[in-house]
Amino acid sequence: MTSALSQALEEAGYSVFVWEIPPQWEHVFYLREDATVENQEIKDIAEERLRLMEQGVDDSQLPK
């Protein structure tokens, strides 16, 4: 579904970059003008989300 969403965004006029972030391989969509290859803040959020998921925190309470 990631490529379908990316394509739909492109067709709607949004030039996007998709990044799969470990450790859960969550998908992050950026507007191309905002994307950077190395974004430590996003990696830190992904690691924090995993830590909280392992503690049983509800998805609605996870950082985004």
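Side notes on the structure shown:
- Residue count for the range 1-24, restricted to those that are outside any helix (DSSP H, G or I) and not small (Gly, Ala, Ser): 11.
- Any pair with Cβ under 7 angstrom, 6 or more apart, that starts in the range 1-24 at a residue that is within 24 Å of Glu47 (Cα to Cα) and ends at one that is part of a loop (DSSP other than H, G, I, E, B) and of a type outside the set (S, T, N, Q): Phe17/Ala35
- Test: Pro63 is without any contact (Cβ under 8 Å) to a residue 24 or more places away in the chain and either under 10 Å from the mean Cα position of the chain (by Cα) or loosely packed, with under 12 Cβ neighbours inside 10 Å (or both): yes
- Residues located in the range 25-49, provided they are in a helix (DSSP H, G or I), modelled with pLDDT under 80 and under 21 Å from Ser60 (Cβ atoms): Ile42
- Given (1) surrounded by 12 or more Cβ atoms within 10 Å (Cβ to Cβ); (2) under 14 Å from the mean Cα position of the chain (by Cα), number of the condition Tyr14 does not satisfy: (2)
The values are calculated or read from the model by the stated rules, or taken from the named source; none is laboratory data. Every value quoted in this text rests on a predicted model; they were computed, and no experiment measured them. Positions of Cβ are generated from backbone atoms using ideal geometry, with glycine treated the same way; all protein chains shown enter the neighbour counts.
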